[in-house]
Amino acid sequence: MSSPRPTAPSPKFAPSDPAESPIEPSEFRIQTQAEILAYLRILQAQACRIDLRSPSGLGLGARLVAVDEKASTLAFESFTPLLKENGDGALQALPNGQEVTAVAYLDQVRLQFDLDGLMLVSGKDKDSELRAPWPSQMYRFQRRQAFRVRPNTRTPHVKLSDPAAPDQALRLRILDLSLGGVALLLPPEVAAFPPGFEWTSVQIELDRETRFSTGLRLQSARPSAEAGAGSQLGLLFVNLSTDSQLRLQRFIDLTQKLARMLSKKKP
């Protein structure tokens, strides 16, 4: 019987601001090899799309085609560049990166894990494969579902540029949010945003301890329920980092707990 693989140290989720306290990611972490293997088997059986991304921006869409339990290795096939400008060169360049993050979705659950030692293997009788050792740990995040919350104060906001005047910064109030996206209030004096417009970087500020940068994509716009208040925008997070996702999850959990406490106090 082979000896158990050593457990890798926990990744560092450094705060983006000195005033912010460090986050303990253990609540979302899967470390037992049995549970990791179970999720890998599901990803393989369901031929789930898995996005492989490097810190430099290279990315490929792939599927897990082999889970070698004896050798503790994985094999990926069926590659599609995530960005058109990367082209087919991403397949050769991606394995040269120092680290690659894999992201996949199972229903309402997002799985994320790092791959070290990714190698491109070419064969005469089959397409190229990307191979890597098993991940030593995974992260499991619950997607939106019923976890959309309304902030308890009017303070949370997003700072972003006005598409009609890129040099002008806007500060828009957050109406509600989830792990998947956010609803913002667009004042009536601000011109409507183009459908599908995407910001590569905006500033999210939920409270003094929860601030981060991310991308946003406009999904919908409709008149606000408040008369004369403007429009309500629905936006999706784009390339939300693990660190930011952990901060957002913590804020949502605390907001839910506070809401439950306040509801119990009502006569």
TODO: Report, by residue number, each residue of the stretch 178-203 that is without any contact (Cβ under 8 Å) to a residue 40 or more places away in the chain and in contact with a Phe, Trp or Tyr (Cβ under 7 Å, 6 or more places away or on another chain).
DONE: none
Open item on the list: Cβ-Cβ under 9 Å, sequence separation 6+ or interchain: first residue in the stretch 43-63 and in contact (Cβ under 8 Å) with a residue 60 or more places away in the chain, partner assigned to a loop (DSSP other than H, G, I, E, B) and surrounded by 19 or more Cβ atoms within 10 Å (Cβ to Cβ). Which pairs?
Closed with: Leu52/Leu58; Leu52/Leu118
- [ ] Could you grab the pairs with beta carbons closer than 6 Å, sequence gap of 6+ or different chains, first residue in the stretch 204-216 and free of Cβ contacts under 8 Å to residues at least 12 places away in the same chain and outside the structural domain of Leu254 (by TED's automatic domain parsing), second one aliphatic (A, V, I, L, M) and in a strand (DSSP E or B)?
- [x] none
Open item on the list: Filter the stretch 164-180 down to the residues that are surrounded by fewer than 18 Cβ atoms within 10 Å (Cβ to Cβ) and aliphatic (A, V, I, L, M) and list them by number.
Closed with: Ala164, Ala165, Ala169
- [ ] Restricting attention to the stretch 181-198, report how many residues are crowded, with 16+ Cβ neighbours inside 10 Å and either closer than 12 Å to Leu216 by Cα or in contact with a Cys (Cβ under 6 Å, 6 or more places away or on another chain) (or both).
- [x] 4
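The values are calculated or read from the model by the stated rules, or taken from the named source; none is laboratory data. All values derive from a computational prediction rather than experimental measurement. Ideal geometry is used to build each Cβ from the backbone, glycine not excepted, and the neighbour counts take in all protein chains shown.
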